Each structure stands twice: as C-alpha cells, then as structure tokens.
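Peer 1: Before we start, here is the structure in question, set down as structure tokens.
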Amino acid sequence: MSDIITPRDAVARTDSHSLAVVLLAVSAFIIVTTEFIIVGLLPSLSRDLGISISAAGQLVTLFAFTVMLAGPFLTAMLSHFERKRLFVGILLLFAASNALAALAPNVWILGLARFLPALALPVFWGTASETAGELVGPERSSKAISQVYMGIAAAMVFGIPLGTLAAGALDWRGTFWILAGASLIMAVALALVMPSIARPEKVSAADQAQILKDPYFLGNIALSVLVFTAMFTAYTYLADTLETIGNIPAGQVGWWLMGFGVLGLGGNWLGGHFVGRGPLLATGVATLVLTLGMAATTPLAGSHPLLIVALAAWGIANTALYPICQVRVMNAATHARALAGTLNVSMANAGIGLGAIIGGAVIQHLGLANIGYVAAGIAVLATIMSVVVARLKPKA
C-alpha cells in the first residue's frame, strides 16, 4: 500500500503522482467515451435488437438524464470515500456494465447496462478534478484539472466519430467489449500506481448543500448553464451545418468534425493555462471568441479556407470552456468542492439538453442558417453574465 498523503504534503509529491493524474485523464476518456460512443452505434444496435432508431435513441436520453439528476446526490454521499478505492470501484463498475451491454439480449438489459454507469460518471467527473489538484499541489492544480479535462474533452469530441468508425469495423457488441477491457485495465493501473489520499472528512449532505445558499456560487452554476446552452445550441447541429451550409460532402463531414476536435484539444490546454489568471475573466474571453466563431460560420461557409478559420476559433473556445467552467465552479465553493464539481457537470448536461432543444427550434422556425447567430447571442449573454457574477464575489 502506498503511503498516505494529504493535500498539504506539497513537498513530498513524486513522479507517481503526475503519472496518477495521467491515468485519471485516460480513465476520464474511457468513462466519457462510454457515454457518447453509443450515438454512432444506434443504427446497428437498433437493427440487431429489432427496435426503431428513435427507441434506441432513448438510451442516450436515459444516460444524460441519469447523470443530470443523480450526480449531485451520489457525489454528496460518496465524496468522503478514499479516492483510490472510489476510482478503482467506478472503473470496475464500468467494466462490468460494458460487458453486460455487450451481452445484452434485449433493450431492457441494455438499458440497465447504460443506467448503472450513468450513476457513477458524475461522481468520477466531480471527484477526479479535485483529486488531480490535490495530487500535484495548489500551485499546479489548474493544469492538473486541465489534464483530466483533456481526457473528458477528447471523449466528448471524438466519442461520436469513434462510435461511427467502430460501427463500421466492428459490431456494437465488440465496441462494448473493448470499452469493458479498457475499463478493467485502467482499474488495475490505478490500483497499482495511484497513491492513497487521506480520506476526506465526512460532511453531511445537508452541510454540503449549504453552498447552494451562496449567491456567488449559484451565479457560477447559472453561468455554466448559459455557457453550455450557447455551446450546444450550435454544436449539436454542426454536422448538418457543414453538410448543408458549408456544402461539405457527406462522406467528409466526419473528418471535419475530427479536425474540429483536434483544434479543440489545443483549446483545452489554453483553458487550463489561462484559468489560473482568473476563472471569470477566462470565461468572458472564451465566450467572446466562441461568439465570433459561431457567428462567422454561416457567412464564411462559401469559402472553405475562411470556414476553417471560423471553425478553429469556435473549436478552441468551445473546448477551452470545459476546464474553465469546472475550475470556476469549484473555486466558487467555500467547501464541498467535489459536490461543486459534480453540480457543474449536472448543469453542463442541462445546458447540453437545453441547447439541443433551442437549436432544433431555431432550425424549425428560422432555418439552419441562423443557428450560429442565435447561439452567438446566447454566448454574448454568457459574457455579460460573467461580469455580473464577478460582482457577487465576496470581498476578502
């Protein structure tokens, strides 16, 4: 058993701690890929199980809503667990759930296999960020959180393309077997490499919920909802925008999405680098760049080189906001930082769902060409709100 460390052991950190952060990032990639990859598998599993594509799509809704609703409560209950054991247990649950999905004889068993990991995903997301910061010390905590978010961002950006490619190379059951094996490998790796961390002091759910009485914290949570609503109002329909407005051949759209994701990973690094200078300032700057990128997509769609410039600005700002929002919300909490991190995840999921609804309504009533403008308008509101929230910050 590794020696127990505490967050104050700033001097005694070793290379194993940095490696543990990397393993947490890889684990985050596997865990979040489990959520998003199914979108690319829906056609094949719907045919295999004999259900409609819309019925299969409810598996996506089940996962997202479970994350949104159950995450804060489960994190409040489990945040005092010793983190090494907690993460190993979560990954073992993902291994078992993905194996169950691979063996599922019908949609009901598959639904159970999707419900169980959805309970654990927000617990990992909230506590992994906090733990990464503790492992490397306060002076490097923002960059460590950004590393974990690199795995999360990569999964969110590449999960759907990977699912599409996997559906062509393997059947959907084979994809879940790969995820099960990867989850098991990471569980073993964390058990061997990650140092044990002093068990956080147990705080009752009622005491943790006191952060919900803080106007500054609530303002940061509301800001996350607005930011993710702006992001996903347009991003949800980016593939359709590229094909219809940008005249990208259908067979090439996936590669454009891949390029968007690669640029986004650079944005993740920038977000982790600049968030230490002020999370609300970083939020305001990133949402302004996001505004410009989304608003410019339609008018520049006639020229592919210029369209790439607009998508680059959009993609960099889009993914930079993942770690920025997580750090911002966790820093706004006076205590119960794990719960704060998970609340941000829940609010992000709320924004994702709301953005998809708004984007769909825009397409129906105003047309696809206007979706970037509406999303940009919401992003402007987020920029303004970041200034308002800054004024709620208690004076030292």
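Peer 1: Considering every residue within segment 192-200, establish whether at least one is over 19 Å from the mean Cα position of the chain (by Cα), among the hydrophobic types (A, V, I, L, M, F, W, C), modelled with pLDDT of 80 or more and surrounded by fewer than 19 Cβ atoms within 10 Å (Cβ to Cβ).
Peer 2: Yes, segment 192-200 contains at least one residue that is over 19 Å from the mean Cα position of the chain (by Cα), among the hydrophobic types (A, V, I, L, M, F, W, C), modelled with pLDDT of 80 or more and surrounded by fewer than 19 Cβ atoms within 10 Å (Cβ to Cβ).
Peer 1: Looking only at segment 44-59, how many residues end up being in contact with a Phe, Trp or Tyr (Cβ under 9 Å, 6 or more places away or on another chain) and among the hydrophobic types (A, V, I, L, M, F, W, C)?
Peer 2: Result for segment 44-59: 1.
For every residue, the table says whether it meets (1) without any contact (Cβ under 8 Å) to a residue 24 or more places away in the chain; (2) of a type outside the set (A, V, I, L, M); (3) assigned to a helix (DSSP H, G or I).
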position	(1), (2), (3)
Leu69	no, no, yes
Pro72	no, yes, yes
Ala76	no, no, yes
Phe81	no, yes, no
Lys84	no, yes, yes
Leu92	no, no, yes
Ala96	no, no, yes
Ala99	no, no, yes
Ala102	no, no, yes
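Peer 1: Anything in segment 98-127 that is within 18 Å of the chain's Cα centre (by Cα) and crowded, with 21+ Cβ neighbours inside 10 Å? List them, or say none.
Peer 2: Of everything in segment 98-127, those that are within 18 Å of the chain's Cα centre (by Cα) and crowded, with 21+ Cβ neighbours inside 10 Å turn out to be Arg114, Pro117, Ala118, Ala120, Leu121, Pro122, Val123, Phe124, Trp125, Gly126, Thr127.
Peer 1: Is it the case that Gly159 is over 13 Å from Val21 (Cα atoms), at pLDDT 75 or above and surrounded by 16 or more Cβ atoms within 10 Å (Cβ to Cβ)? Walk me through it before giving the result.
Peer 2: On the way: over 13 Å from Val21 (Cα atoms): yes; at pLDDT 75 or above: no; surrounded by 16 or more Cβ atoms within 10 Å (Cβ to Cβ): yes.
Taking the combined requirement at face value, the residue does not satisfy it.
Peer 1: Let me ask you something else. Quick one: would you say Phe124 is touching a Pro at 6+ places or on another chain (Cβ under 7 Å) and closer than 27 Å to Met330 by Cβ?
Peer 2: no
Peer 1: Could you list, in sequence order, all residues of segment 320-358 that are farther than 28 Å from Gly276 by Cβ and at pLDDT below 85?
Peer 2: Hits for segment 320-358 are Gly353, Leu354, Ala356, Ile357.
Peer 1: Here's another thing I want to ask about it. Given the residues Ala369, Ala361, Ala382, which is the only one that is in contact with a helix residue (DSSP H, G or I) (Cβ under 8 Å, 6 or more places away or on another chain) and either basic (Lys, Arg) or assigned to a helix (DSSP H, G or I) (or both)?
Peer 2: Ala382
Peer 1: Starting from residues that are modelled with pLDDT of 90 or more and β-branched (Val, Ile, Thr), keep the ones in segment 299-319 and report whichever is surrounded by the fewest Cβ atoms within 10 Å (Cβ to Cβ).
Peer 2: Restricting to residues being modelled with pLDDT of 90 or more and β-branched (Val, Ile, Thr), the top hit is Val309.
Peer 1: Out of curiosity, is Ile358 under 22 Å from Leu238 (Cα atoms), in contact with a Gly (Cβ under 8 Å, 6 or more places away or on another chain), assigned by TED's automatic domain parsing to the domain that holds Leu238 and of a type in the set (Val, Ile, Thr)?
Peer 2: In short, no.
Peer 1: I'd like to check something: does segment 140-147 contain any residue that is modelled with pLDDT of 75 or more, in contact with a Lys or Arg (Cβ under 9 Å, 6 or more places away or on another chain), among the polar types (S, T, N, Q) and closer than 21 Å to Pro195 by Cα?
Peer 2: Scanning segment 140-147 turns up no residue that is modelled with pLDDT of 75 or more, in contact with a Lys or Arg (Cβ under 9 Å, 6 or more places away or on another chain), among the polar types (S, T, N, Q) and closer than 21 Å to Pro195 by Cα.
Peer 1: For Thr33, state whether it is surrounded by fewer than 21 Cβ atoms within 10 Å (Cβ to Cβ) and either in the same structural domain as Ala104 (by TED's automatic domain parsing) or in contact with a strand residue (DSSP E or B) (Cβ under 7 Å, 6 or more places away or on another chain) (or both).
Peer 2: So Thr33 fails the test.
Peer 1: I'm told Phe63 meets every condition in (1) within 16 Å of Ser346 (Cα to Cα); (2) modelled with pLDDT under 80; (3) of a type in the set (Phe, Trp, Tyr) except one. Can you identify the failing condition by its number?
Peer 2: Failing condition for Phe63: (2).
The values are calculated or read from the model by the stated rules, or taken from the named source; none is laboratory data. Since the structure is predicted, the reported quantities are computational estimates derived from the model, not experimental observations. Don't worry about glycine lacking a Cβ; one is built from the backbone with ideal geometry, like all the others, and counts go over all protein chains shown.
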